[in-house]
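Enquirer: I have a structure I would like to understand better, so I am pasting it below and will then ask my questions one at a time.
The values are calculated or read from the model by the stated rules, or taken from the named source; none is laboratory data. Please read these numbers as outputs of a predicted model, since none were measured by experiment. Every residue, glycine among them, receives a Cβ derived from its backbone with ideal geometry; neighbour counts consider all protein chains shown. In case anyone asks, the SASA skips ligands and DNA or RNA and just uses the protein heavy atoms, side chains included. Shrake-Rupley method; radii C 1.70, N 1.55, O 1.52, S 1.80 Å.
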Amino acid sequence: MKKSTIWIIAVIMGFSFLALLYLQFSYVEEMVKMKKEQFDESVNRSLYQATHNLEMDETRRYLEKDVKATERRAFQQDSVTVDGLGGTIKHSHQFAVAADDGTVYSSFQVKAFQMKPSTVPKAMILRKDKNSLVDAAKSMQEIVRSRYVYQKALLDEVVYNILYTASDKPLKERVNFRMLDLDIRTELLNNGINIPYHLTVSTADGREVYRCPEYSEEGEQYSYTQVLFRNDPQSKMGIVKIHFPEMSRYIFSSVRFMIPSIIFTLVLLLTFLFTIVVIFRQKRYSEIKNDFINNMTHELKTPIASISLAAQMMNDDSVTKSEQMTKHLGQVIGDESKRLRFLVEKVLQMSMFDKKSVVFKKKELDLNEMVEQIAQTFTLRVEHTGGKIYTEIEAVDSGIYVDEVHFQNAITNLMDNAVKYRKTDEPLDIYIRTWNEHDKLCLSIRDTGQGIKKENLRKIFDKFYRVHTGNKHDVKGFGLGLAYVKKVVDLHQGDIKAESEVGKGTKFTITLPVLKEDDQ
């Protein structure tokens with residue numbers, strides 16, 4: 001699959017996942033907003049009803065007080081008279097209410113007549129009963145009118161008392177805080193809110209007159225206020241304030257069911273991103289593998305062709321073979337066979353490192369001596385370019401515990417790369433330095449070659465990776481040299497880093513633990 005196709009699929013899928021996450025978060029945000037609005041409405045409605053109940057209770061108390069006082073001022077009188085001649089019983093009931101100044105609000109009298117049936121004719125009884133019903137109806141109307149006047153006067157007095165005396169009392173005397181708290185709790189439950197709240201009551205000018213025992217400042221940002229006695233003068237009003245310490249959890253509980261959905265979407269997004277990374281990495285590995293196969297085929301064909309040509313010449317009877325020619329052909333076959341074996345061993349070594357089946361034969365060595373020997377080996381090759389090898393042996397504690405073959409091969413690879421990637425038709429200088437840094441032993445190899453670009457520098461230790469040199473293919477190899485060096489250094493508990501600048505050269509620095517006397 002083309003890289004562009006993978007990118008298009010990745011962008012579409014990534015955009016889809018992000019859009020899905022955006023919709024989910026938007027839905028959660030709207031749910032939280034709606035729940036908050038419902039909560040605010042319920043709390044405000046509950047506070048309004050609770051304060052209304054408080055005002056009703058105050059009105060009821062004044063009404064009961066005035067009714068009792070009025071009853072104490074009321075008087076009634078009953079009288080019963082008997083007419084001996086006619087056999088008639090006369091019953092009289094009088095009721096009146098007098099004000100403090102002596103004014104009578106209402107006065108009425110109910111009369112009832114009862115006759116002996118034996119002394120009154122039936123027709124007279126019916127006629128008298130009929131007259132009695134009419135008189136009773138009129139009496140009842142008079143009673144209703146009188147009571148209406150009485151009750152109206154009574155209520156007027158209560159209203160005047162509330163207007164002119166109630167607002168003069170302090171809030172502590174007007175409000176039963178325990179009942180107010182109970183009313184608020186009941187109204188909140190009626191509106192579906194069952195979470196703890198904290199209550200305070202203060203005057204209009206901000207003086208606090210009551211605070212619930214369990215009060216704390218937690219959650220004060222979610223507070224609600226309501227005016228007490230809203231029809232009183234502004235200076236006489238009270239303010240009740242409540243806040244909910246657990247409101248955030250209450251709101252969160254309404255959208256809790258969305259959390260698994262968001263988590264699963266994030267997991268899918270991360271899995272998708274990981275899959276895309278793996279796809280691109282596998283594609284890069286596939287390209288590197290193809291380059292390696294092509295490179296290896298080209299590298300192996302050269303010694304095989306040379307060996308094949310030398311063998312063919314030796315077996316061709318038409319070619320006159322002198323002793324010198326035979327020796328030359330044998331040397332060619334030997335050199336190319338050695339080169340072929342070296343290439344194969346390089347691949348096998350990396351395979352062994354990957355399988356972790358390599359076994360080191362470590363022993364005590366002197367890094368200074370090893371560097372001197374390797375520098376001597378490469379002197380002729382470097383001087384052939386017109387350059388020179390400079391060594392600075394500054395390490396005092398130069399003892400190391402390493403595998404001689406592998407570690408020497410690692411340093412040799414670095415020197416070989418410096419020679420191979422030199423500037424064309426320019427002398428090459430190599431600077432080798434050893435020194436101690438705290439409890440570490442350091443080795444640096446710096447050249448004045450082509451240098452490496454920054455974008456390539458971080459990949460040079462990757463297996464099969466080779467820095468592109470344009471259309472030139474004069475430098476041969478599998479891209480295993482630096483990967484091999486890093487493996488060897490890492491397995492010796494060391495560290496290697498590279499610094500380079502295009503056109504000025506490259507510097508490799510190896511850091512190893514020093515072999516101390518107690519380690520010997």
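Enquirer: Going through region 26-39 one residue at a time, which ones are open to solvent by less than 40 Å² (accessible area, probe 1.4 Å) and closer than 23 Å to Glu187 by Cα?
Expert: Residue satisfying the conditions is Phe39 alone.
This table checks each residue for (1) more than 23 Å from Ala483 (Cβ to Cβ); (2) modelled with pLDDT of 85 or more.
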position	(1), (2)
Gln324	yes, no
Lys338	no, no
Asn368	yes, yes
Val371	no, yes
Leu380	yes, no
Gly386	yes, yes
Glu392	yes, yes
Asp397	yes, yes
Arg433	yes, yes
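Enquirer: Can you tell me which residue within region 166-178, out of those that are closer than 26 Å to Pro233 by Cβ and part of a helix (DSSP H, G or I), is modelled with the highest pLDDT?
Expert: Looking at residues that are closer than 26 Å to Pro233 by Cβ and part of a helix (DSSP H, G or I), I get Phe177.
Enquirer: Here's something else I'd like to know. Name the residue, out of Leu512, Leu482, that is modelled with pLDDT under 85, within 45 Å of the chain's Cα centre (by Cα) and outside any loop (DSSP other than H, G, I, E, B).
Expert: Among Leu512, Leu482, only Leu482 is modelled with pLDDT under 85, within 45 Å of the chain's Cα centre (by Cα) and outside any loop (DSSP other than H, G, I, E, B).
Enquirer: If only one of Lys236, Lys241 is more than 16 Å from Lys36 (Cβ to Cβ), in contact with a helix residue (DSSP H, G or I) (Cβ under 6 Å, 6 or more places away or on another chain) and open to solvent by 70 Å² or more (accessible area, probe 1.4 Å), which one is it?
Expert: Answer to the selection: Lys236.
Enquirer: Being surrounded by fewer than 18 Cβ atoms within 10 Å (Cβ to Cβ), charged (D, E, K, R) and at pLDDT 65 or above is the filter here; which residues of region 449-479 pass it?
Expert: Result: Lys453, Lys454, Glu455, Arg458, Lys459, Asp462.
Enquirer: Which residue out of Phe25, Phe39 is under 25 Å from Tyr197 (Cβ atoms), of a type in the set (Phe, Trp, Tyr) and modelled with pLDDT of 85 or more?
Expert: Only one candidate passes the filter, namely Phe39.
Enquirer: A follow-up question, please. Ile251 - would you say it is surrounded by 13 or more Cβ atoms within 10 Å (Cβ to Cβ) and closer than 17 Å to Gln38 by Cβ?
Expert: In short, yes.
Enquirer: Of the conditions (1) surrounded by 12 or more Cβ atoms within 10 Å (Cβ to Cβ); (2) small (Gly, Ala, Ser); (3) modelled with pLDDT of 80 or more; (4) under 30 Å from Leu180 (Cα atoms), Gly219 satisfies every one except a single condition; which number is it?
Expert: Among (1) surrounded by 12 or more Cβ atoms within 10 Å (Cβ to Cβ); (2) small (Gly, Ala, Ser); (3) modelled with pLDDT of 80 or more; (4) under 30 Å from Leu180 (Cα atoms), Gly219 violates only (3).
Enquirer: Can I ask one more? Looking at the structure I just gave you, is Asn295 of a type in the set (S, T, N, Q), open to solvent by less than 60 Å² (accessible area, probe 1.4 Å) and modelled with pLDDT under 80?
Expert: It is true that Asn295 is of a type in the set (S, T, N, Q), open to solvent by less than 60 Å² (accessible area, probe 1.4 Å) and modelled with pLDDT under 80.
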